[in-house]
Amino acid sequence: MTPRTPRAKATSASAQPSYDTESATLLPTATPIQLVDAEGNPSTAETGNLPLPDDAALVRAHELMVMGRRFNDQAGALVRQGRLAVYPSSHGQEACQVAAAMVLGDQDWLFPTYRDTVAAVSMGVDPVQILLLLAGDWHAGYDPYEFRCAPTATPLATQLVHAAGLAYAAKVKGEDKVVVAMCGDGATSEGDFHEALNFAAVFKCPVIFLIQNNEFAISVPLSRQTAAPSLAAKGVGYGMPGKRVDGNDVAALLAVMGEAADRARRGDGPTLIEAHTYRMQAHTNADDATRYRTAEEVEPWVARDPITRSEAHLRSRGLLDDAAVADLKQRAEEMAAEMRLGIGKDRDLDPAELFEHVFAKPTPQLLEQRAQLLDELAREEATK
């Protein structure tokens, strides 16, 4: 029997994958972009040919970082005092937090994670309001529409889909809006991450996806999250440019994110940015970080502190002096005092509110649960 000759596969130009010069521009740099090194000097590393942000922006960023560090420290103290149920600190990640807010205009939106409280405060949200959810209130604590800042919700990556949706709506309506969507390295393993990036790229939505790669998703290291050469490299698969940036260099962050915001406003679509930083403290106060990393692993990042770096840079250029540092410290302490006072106040809470905004029209089950709770509370009150 004569063996059958394999039939050649049909080919066409349209069926063949293409790779051109434009595709190559999607690739991130081999090393993170850096404009100011750890000692506060102009960097000799990869700069991405980006200019240093103007002096006013650098001074403002430093002020917000100092305020953010004090916010983090005070929130941690409030947890230890029993005033907050939990707090996920962004100590050491303040540069990412501040830059995300600063590149946005008065019409733009921020979609933060649960760890991005400093970013929300930098958007103008009252420090006390941002902590109400963590103090046990049932709502976000602030009006998202007033501050153009979505709630700091806990579910991973869900805010990315919402951000892409708002950006798409703005494009359809012809509105001049740019959206920054924040997430951590762990969120890149979620399905919502894929859906948001794919949708945004296909429809050229004006959104910036900022990954704060702080090396750990709770106790899981980055090596167990991805085999990609970098998280920014994932942008290639979606057809959007990926950028790597030193996440502790606020100057580089402002430059890279500012470039991405300009690109979005031109109608050129989304950008994926990976900011290389480090989670200096535990995941939350409920986490024991010593179970999965040593103090020796954390120590090198102390020298890369974004605030120390920024202060050294500004001082070397005569943009910051002892008087300004002292004044900023005083303002930070005043904010901390207001946080203690605001969170320390007793609030009148109505347990029945738990059932009021679940559905537009309460279901029979909700009404039954509400009645059961009120009955239990009434019987408890009667026994006092």
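Values in this text are rule-based calculations from the coordinates and carry no lab data. Worth saying up front: this structure is predicted, and the values here are computed from it rather than measured. Because the Cβ atoms are built from the backbone with ideal geometry, glycine has one as well, and the counts that use them run over all protein chains shown.
The table that follows gives values for the structure above.
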| read-out | value |
| --- | --- |
| Computed E for A303/I218 - FRET, C-beta separation, R0 25 angstrom, nearest 0.05 | 0.50 |
| Segment K384-R315, extension gain: residue separation times 0.36 nm, minus the distance between their alpha carbons | 18.6 nm |
| Alpha carbon Rg of the range 137-286, scaled by the compact-globule rule 2.2 N^0.38 Å | 1.03 |
| Ranked by how many other beta carbons lie within 10 Å on average, peptides 242-252, 215-225 from highest | 242-252, 215-225 |
| Cα-based shape type of the range 93-220, given that a ≥ b ≥ c are square roots of the gyration tensor eigenvalues and the cut on a/c is 1.5 | oblate |
| The range 94-240 - share of DSSP beta bridges that are antiparallel (%, nearest 5) | 15 |
| Around T271: net Lys/Arg minus Asp/Glu count, Cβ-Cβ under 13 Å | +3 |
| Relative contact order of the chain, defined on C-alpha pairs under 8 angstrom at six or more residues apart (%) | 23 |
| Reachable lysines from K204, criterion Cα separation under 29 angstrom, eight or more residues apart if same chain | K171, K173, K177, K234, K243 |
| Point-to-point label distance, E333-K361, nm (Cα→Cβ direction, 7 Å offset) | 5.9 |
| Cα-based reach from K384 at 29 Å (exclusive), listing lysines while leaving out same-chain residues under 8 positions away | K345 |
| Overall form of the range 317-384 per C-alpha gyration tensor (a/c, 1.5; a/b vs b/c) | oblate |
| Restricting the range 136-195 to chymotrypsin sites (Phe, Trp or Tyr not before Pro) in coil, as DSSP defines it, with at most 12 other Cβ within 10 Å | none |
| Estimated 222 nm signal from helices in the chain, with DSSP H stretches of n ≥ 4 weighted -39500 (n - 2.57), rounded to 500 | -13000 deg cm²/dmol |
| Antiparallel content of DSSP bridges confined to the chain, in %, to 5 | 10 |
